[in-house]
Amino acid sequence: MIKDLSLNQLRITRAGKEMIDLTVQIRGGEVLTIMGPSGAGKSTALAAILGTLPDAFQRSGQILLNGQEISTLPTHERRVGLLFQDDVLFPHLSVGANLAFAIPTSVKGRQARAQMVDDALNQAGLAGYAPRDPATLSGGQRARVALMRALLAEPCALLLDEPFSRLDAALRIQIRAFTLQTIRDRQIPAILVTHDAEDAVAAGGQILSPLGHKVVL
Amino acid sequence: MPNKPLPSPRPTSKAGALLRQAPRLTVLLLVAPVAAGLFGTIAPVLRDHAAPMQAVLTWQGLPVAVMLSVKTGVLSTLGALVITLLVVASLGDGRAFRLIQHLLAPLLAVPHAAAALGLAFLIAPSGWLARLVSPWATGWQHPPDLLVLNDPGGWALTLGLMAKEVPFLLLMTLAALPQTDARRRVLQAQSLGAGRVAGFVVGVLPTLYAQLRLPIYAVLAYAMTVVDMAFILGPTLPPTLSAQIVIWMNDPSLSGRDLAAAGATLQVALVLTAIVIWRLAEAVASRLLTRAAWAGLRAPLADRMARPIGLALGFGFAGLLFSGLAGLGLWSVAGLWQFPDATPETLSLTTWRRAGPDLVASTGLTLAIAAVATLAALALVLACLEAEQRFSLSPGANGLFILYLPLIIPQIAFLPGLQSLSLRLGVEGSWWAVAAAHLVFVLPYVFLSLAAPYRSLDPRFRLAAQSLGARPLRLFVTVILPLLLRPILTAMAVGLAVSIGQYLPTLLIGGGRVETLTTEAVALSSGANRRLIGAYGLAQTLLPAAGFALAIALPAIVFRHRRGMEART
């Protein structure tokens, strides 16, 4: 199945002011970067795709995931994954339970789910971390768990909301490479929101402003 | 080409539709009993050209009873407010302040009746204080013939009320303080040359007071109409108006009920008048404050005075409460304890052994009522708060006012009406009818306790779970509830404490046949068996205290391997 995320004349205004105007197709494995200074409404685009746009915003246009309009679906049925600036791991659950939470309920049986958790941890180079308290992991380890958690939900698209900005320089390059490579391997369409030029270049895809202008770096 | 706006996504499951109605149901449960009760109380008074009202107005004791009600209510509220503000304004966030913060929960957990009994044991002519200074300082070999307790001026009652009101107002103040930007404003004022206290008064107090207004009105209304404390500490012949109303209610003759209803009507008018006058006084105080700001209030002397006074009064009242409770405990295990002795000659468990079966029964019933009321309140509050989050509802100022309605309209005013209603429905005297009545008073406190932590939960946890495909119910059960375990348990402990402490609703809706620890303790207080009173008072205190202890211990045990869930101090 070819995965693709299309925004068709997605326009968002607030109190008459235009914040988002995007028409773009993102194929599986591609990363679209939306770039602009803070407060320019980058995250507004993500909220629209997730279905969490506050009522104060007016939205028009289409959001198509694999050709299907998703903008009338509730957030949990959209199959759009999200990575935050921080890892937002659930502090009351172990690393393993955090990961297992994301596995679709169609996967039955404790054994099968535990196996998927172990596989995911192996891929992230964190074999044996399932029983750990997330608060005892390093920043880089937590970032990798967060990525694996998002992927275990089998998303049809991934949204990255400045996920590297809180990491220090060395870790940032490493986690960024790991994340982008995983997205390419899984052939998932992704949107990266950032104000960092290095992130945008590393993403390797189109770079647009919130109003749909090409950004030249 | 203009695009057509799309409808926003609205999950419309049956459960979701039901959840959406939770706030409405809660409002109904708060307003309906108060309204129906008030109507039931006031309507009979208007019969026969308001004959019952005329009977009350010609009662000889009325002027004194009314004066007592106003005096004890207003003075205790004003005193508690001043002490609270002194503590907050002068202590900053140093060690003394943190200690007071830690003392708050146990102080709040003490039921009014137990606090009053403890205080009575302390200040009575034969009480602990008199014993401590006798005979070496006073020469008393027998208890002196002094009306310290139940004094006609109502001072013992005022003192008792303050001891319970200071912790409550302090808690409300601490909750409101973060929203006032207090630290920076005081610092700013100090950098302009004002003292700490002056900076607090000019810079923080107006914002703070706006948030304290409803709690203060609730305290004022409560203090003016309290019954259990008035029976234990207040004057007799005449007692305060509210205590007299209950005496009339217990009068088997029909005219007694009419008098009670008329008295209750008068009591509502009295409380509402007091609140209006208090409101006017606020306006005057606000003018004075503006004038002080224009005059460049510096008040360097206030800084040196406020701290020791605030500390002394704050810890003084805490000490009064705690030593009163210690007195209850000591009496309950006292063998022979003659007058001038400061401690009993012998200790014995006889009292506990004899009262054991009755105590266990009362405790079981008290707990059952408290558990039902608290669980019902918790379910409603969680549904309201979750509906608020899920449907992006914004609670208005009206919502907050409705929450305070059962706390501001005096219990004595609408409970007689509810009692008539429960008699007509044939549920008077059943324990679950008492629990239903408790719910009206438990609900606001559970809501107030849980709302802030619920609303301030990081919204990204919700979003993360949703983006991982979690349905609303799963999100609520596996993410929201465990993350909020600590505040939920605290809210439950608050609910239990409120229910355990209820006297009037238990007495009236229970028809005197539902005997909880509180009704028993108050009933015993008119007798002379100090050992038994001590046992009941202590049991009544230990029960809510155990609830708070569990609320602290359970999350610590459940999340002992989760550093991210540690309590933030």
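The rows are residues; the columns are (1) away from chain A (no Cβ under 12 Å); (2) in a helix (DSSP H, G or I); (3) surrounded by 24 or more Cβ atoms within 10 Å (Cβ to Cβ).
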position	(1), (2), (3)
B:Glu428	yes, no, no
B:Ala435	yes, yes, yes
B:Tyr445	yes, yes, no
B:Leu457	no, no, no
B:Leu463	no, yes, no
B:Val498	yes, yes, yes
B:Leu507	yes, yes, yes
B:Arg513	yes, no, no
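Looking only at strands (runs of 3 or more DSSP E) that fall completely inside segment A:15-100, which ones have 1 or more residues that are farther than 30 Å from B:Gly564 by Cα and within 14 Å of chain B (Cβ to nearest Cβ)? Reasoning before the result, please.
Numbers: elements: A:17-27, A:31-35, A:57-65, A:80-83.
So the answer is A:17-27, A:57-65.
B:Arg471 fails exactly one of the following numbered conditions: (1) out of contact with any Gly (no Cβ under 6 Å at 6 or more places or on another chain); (2) among the basic types (Lys, Arg); (3) farther than 30 Å from A:Asp133 by Cβ. What is the number of that condition?
Answer for B:Arg471: the failing condition is (3).
Give B:Ile480, B:Ile488 a once-over and let me know the one that is farther than 19 Å from A:Arg149 by Cβ, touching a residue at least 60 places away in the same chain (Cβ under 8 Å), β-branched (Val, Ile, Thr) and out of contact with any Cys (no Cβ under 9 Å at 6 or more places or on another chain).
Matching residue, one of B:Ile480, B:Ile488: B:Ile488.
Considering only segment B:112-126, I want to know if a residue exists there that is over 22 Å from B:Gly501 (Cα atoms), surrounded by fewer than 22 Cβ atoms within 10 Å (Cβ to Cβ) and modelled with pLDDT under 80.
Yes, the conditions are met somewhere in segment B:112-126.
Taking into account only those residues within segment A:48-70 that are small (Gly, Ala, Ser) and closer than 25 Å to B:Pro459 by Cβ, which is farthest from the chain's Cα centre (by Cα)?
A:Ala56
Within the bounds of segment B:394-407, is there any residue that is at negative phi and within 14 Å of chain A (Cβ to nearest Cβ)?
So in segment B:394-407, the residues at negative phi come out as B:394-407.
Filter once more, keeping what is within 14 Å of chain A (Cβ to nearest Cβ): B:394.
Scanning segment B:394-407, I find at least one residue that is at negative phi and within 14 Å of chain A (Cβ to nearest Cβ), so the answer is yes.
Between a first residue in segment B:281-306 that is more than 13 Å from B:Gly193 (Cα to Cα) and a second residue that is assigned to a helix (DSSP H, G or I) and of a type outside the set (A, V, I, L, M, F, W, C), which pairs have beta carbons less than 6 Å apart while being 6 or more apart in sequence or on different chains?
Once the first residue is more than 13 Å from B:Gly193 (Cα to Cα) and sits in segment B:281-306, its partners that are assigned to a helix (DSSP H, G or I) and of a type outside the set (A, V, I, L, M, F, W, C) give B:Ala306/B:Ser90.
Please work out which residue is farthest from B:Ala221 (Cα to Cα), limiting yourself to segment B:187-204 and to residues that are touching a residue at least 24 places away in the same chain (Cβ under 8 Å) and in a helix (DSSP H, G or I).
B:Arg196
Any residue at all in segment B:393-415 that's free of Cβ contacts under 8 Å to residues at least 40 places away in the same chain and polar (S, T, N, Q)?
Scanning segment B:393-415 turns up at least one residue that is free of Cβ contacts under 8 Å to residues at least 40 places away in the same chain and polar (S, T, N, Q).
Just one of the numbered conditions (1) loosely packed, with under 15 Cβ neighbours inside 10 Å; (2) assigned to a loop (DSSP other than H, G, I, E, B); (3) within 8 Å of chain B (Cβ to nearest Cβ) is not true of A:Ala135; which one?
Of the numbered conditions (1) loosely packed, with under 15 Cβ neighbours inside 10 Å; (2) assigned to a loop (DSSP other than H, G, I, E, B); (3) within 8 Å of chain B (Cβ to nearest Cβ), the odd one out for A:Ala135 is (2).
Would you pick out the residues in segment B:468-496 that are surrounded by 20 or more Cβ atoms within 10 Å (Cβ to Cβ), out of contact with any Pro (no Cβ under 8 Å at 6 or more places or on another chain) and facing chain A (nearest Cβ under 7 Å)?
B:Leu468, B:Ala470, B:Val479
Tell me which residues, restricted to segment A:64-78, are more than 19 Å from A:Glu154 (Cβ to Cβ) and surrounded by 17 or more Cβ atoms within 10 Å (Cβ to Cβ).
The answer is A:Ser71, and nothing else.
Among the residues of segment A:148-164, write down those that are part of a helix (DSSP H, G or I) and either surrounded by fewer than 24 Cβ atoms within 10 Å (Cβ to Cβ) or without any contact (Cβ under 8 Å) to a residue 60 or more places away in the chain (or both).
Let us first name the residues in segment A:148-164 that are part of a helix (DSSP H, G or I), namely A:148-152.
A:Met148, A:Leu151, A:Leu152 - these are the residues of segment A:148-164 that are part of a helix (DSSP H, G or I) and either surrounded by fewer than 24 Cβ atoms within 10 Å (Cβ to Cβ) or without any contact (Cβ under 8 Å) to a residue 60 or more places away in the chain (or both).
Might you check whether a residue that is surrounded by 19 or more Cβ atoms within 10 Å (Cβ to Cβ), over 23 Å from B:Arg530 (Cα atoms) and not hydrophobic (A, V, I, L, M, F, W, C) occurs anywhere in segment B:316-333?
So far as segment B:316-333 goes, no, none of its residues is surrounded by 19 or more Cβ atoms within 10 Å (Cβ to Cβ), over 23 Å from B:Arg530 (Cα atoms) and not hydrophobic (A, V, I, L, M, F, W, C).
Do we have B:Glu345 as among the acidic types (Asp, Glu), surrounded by fewer than 19 Cβ atoms within 10 Å (Cβ to Cβ) and modelled with pLDDT of 90 or more here?
No; evaluated as a whole, the condition is false for this residue.
For segment B:526-556, enumerate the residues that are more than 22 Å from B:Ser348 (Cβ to Cβ) and small (Gly, Ala, Ser).
Of everything in segment B:526-556, those that are more than 22 Å from B:Ser348 (Cβ to Cβ) and small (Gly, Ala, Ser) turn out to be B:Ser526, B:Ala545, B:Ala546, B:Gly547, B:Ala549, B:Ala551, B:Ala553, B:Ala556.
Can you find a residue in segment B:524-540 that is over 26 Å from B:Val442 (Cα atoms), in contact (Cβ under 8 Å) with a residue 40 or more places away in the chain, within 14 Å of chain A (Cβ to nearest Cβ) and outside any helix (DSSP H, G or I)?
Looking through segment B:524-540, none of the residues is over 26 Å from B:Val442 (Cα atoms), in contact (Cβ under 8 Å) with a residue 40 or more places away in the chain, within 14 Å of chain A (Cβ to nearest Cβ) and outside any helix (DSSP H, G or I).
Residues of segment B:234-265 being farther than 23 Å from B:Val34 by Cα, crowded, with 24+ Cβ neighbours inside 10 Å and at pLDDT 85 or above, which ones?
Hit for segment B:234-265 is B:Pro239, nothing else.
Of the conditions (1) crowded, with 24+ Cβ neighbours inside 10 Å; (2) without any contact (Cβ under 8 Å) to a residue 12 or more places away in the chain, B:Ala553 fails just one. Which one is it?
Only one criterion is unmet by B:Ala553, namely (1).
The values are calculated or read from the model by the stated rules, or taken from the named source; none is laboratory data. Keep in mind that what you see is a predicted model, and the values were worked out from it rather than measured. All Cβ positions, glycine included, derive from the backbone under ideal geometry; neighbour counts span all protein chains shown.
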